[in-house]
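Student: Sending over a structure as structure tokens; questions will come in a sec.
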Amino acid sequence: MPATLAIDLKEDIVPFSTFRASLSKFMEQARRTHRPVVVTQNGRSSSVLLDIDAFEKLQEEMEIRRMVEAAEADFRAGRTTPHDEAMAELKARFRK
């Protein structure tokens, strides 16, 4: 199931004392809704609980972002390969 980081302000923001008293409830909520649970301390956001699917999706998105940023930096620096050369290299690499 696709993960989302949208937050339901009525359900997903809880004080630490409530979170601690009902940890399993909030773990189940995160698993069921695929939304993060934001834990507050002293009235301020402190931590976030994510279900494993949302966490893995977030990691994948961060890795893709890092690769795109690296590719953009290469392009700006002129480190490019003409299309025909790139295609020939890919075809040779995947024929093995």
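The values are calculated or read from the model by the stated rules, or taken from the named source; none is laboratory data. If you're wondering where the values come from, they're calculated on a predicted model, not measured in any experiment. Here the Cβ positions follow ideal geometry from the backbone for every residue, glycine too, while neighbour counts run over all protein chains shown. Only protein heavy atoms, including side chains, enter the accessible area calculation; ligands, DNA and RNA are left aside. Shrake-Rupley method; radii C 1.70, N 1.55, O 1.52, S 1.80 Å.
Student: Where does each of ILE13, ILE64 land when they are ordered by accessible area, with a 1.4 Å probe and the largest first?
Tutor: Result of the area sort, largest leading: ILE64, ILE13.
Student: If you stretched the chain out fully between ALA6 and ALA88, how much longer would it get, using 0.36 nm times the residue separation minus the C-alpha to C-alpha distance?
Tutor: Fully extending the segment from ALA6 to ALA88 adds 25.2 nm.
Student: Hey, another quick one. Just need log10 I(q)/I(0) for the chain at q = 0.14, 0.20 Å⁻¹, Debye formula, equal scatterers on the alpha-carbon atoms, no solvent, rounded to two decimals.
Tutor: -0.66, -0.97
Student: When ligands, DNA and RNA are left out and all protein chains stay put, how many square angstrom of accessible area per residue does the chain have with a 1.4 Å probe?
Tutor: Normalised by residue count, the accessible surface of the chain is 81 Å².
Student: Ok, one more. How much FRET efficiency would the formula 1/(1 + (r/R0)^6) give for LYS25 and GLU61, where r is the Cβ-Cβ distance and R0 is 35 Å, rounded to 0.05?
Tutor: 0.80
Student: On a 0 to 90 degree scale, rounded to 10, what angle separates helix 83-95 from the longest Cα axis of the chain?
Tutor: With rounding to tens, the tilt is 80 degrees.
Student: So, in nm, how far is label SER17 from label SER46 when the simple model puts each one 7 Å beyond its Cα toward the Cβ?
Tutor: A separation of 1.1 nm, rounded to one decimal place.
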